[in-house]
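Data first, discussion second: the structure below is written as structure tokens.
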Amino acid sequence: MPSPAHTPVHPPPPAGPVVPGTRLRPAAVFLALATVVALAAGWPLVARALPDEEGVRAGARLTIGPEGAGRVVLRVRGGGWELSRSASDPDSGYLLSRAGVRVRASRVDLLTTEAAGRLWPGLRDVLRASDAGSRLGAPERTRTAEGRPGRTGSAEQGGRAGRAFAFAAPGEDFAVTVVVLGGRGAEREALRDGYALARSARFEGGPA
């Protein structure tokens with residue numbers, strides 16, 4: 001398997017999130033996902049202890065997923081992005097920023113095929129767990145650049161606004177969520193490139 005776009009940070013952030021089966025409500029499922037709850041905050045205590053920002057070139061390949069499991073690959077669109085080393089881990093996800101825009105991409109394990117239908121309400125609960133004023137709009141249909149169907153909708157958190165995306169792998173055993181948020185004065189081009197990064201999602205491994 002190709003390596004991630006950068007060397008993993010040690011010690012790594014919390015392990016990748018897991019979406020339990022259909023008996024659990026979305027709120028209970030996603031409140032337990034420490035990795036995804038870090039959408040806005042990252043891991044601030046670790047961030048203060050380590051050199052954090054690392055430049056990421058346009059076209060860089062970001063691979064998310066542990067060895068022996070299905071992985072999702074994202075392509076960085078546009079130049080000038082910086083990756084937060086303390087809030088990124090190749091097994092679970094990445095946090096990038098550029099010109100007032102922040103992108104959080106997270107891999108989510110799905111233990112049942114029905115769990116794929118809970119991605120959107122679960123993501124809404126996660127955003128609200130870290131910021132009660134967060135909002136996630138009604139989901140609309142969208143597709144990746146390769147045609148994989150998914151959902152997208154408006155998103156607001158911590159004074160930032162943008163869009164969120166959710167795509168399940170073909171076998172619906174794992175998924176990727178990408179939240180792209182821009183603060184006041186954020187560059188529109190950076191937002192567009194963030195959305196393009198989300199739609200670049202491509203899945204490797206796992207059931208066909």
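All of the numbers you see were taken from the coordinates with simple rules; none came from a lab. Since the structure is predicted, the reported quantities are computational estimates derived from the model, not experimental observations. Positions of Cβ are generated from backbone atoms using ideal geometry, with glycine treated the same way; all protein chains shown enter the neighbour counts.
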Original post:
Once amide H atoms are built 1.01 Å from N in the peptide plane, which residues 5 or more positions from Ser92, or in another chain, come under 5 Å H to H?
Top reply: Gly65
Subject >> Charge context of Leu110, other residues only, Cβ under 12 angstrom, K/R +1, D/E -1 >> reply: -2
**OP:** Sort the stretch 65-208 into rounded, prolate or oblate with this rule: let a ≥ b ≥ c be the square roots of the eigenvalues of the Cα gyration tensor; rounded if a/c is under 1.5, and if a/c is not under 1.5, prolate when a/b is larger than b/c, oblate otherwise.
**Re:** prolate
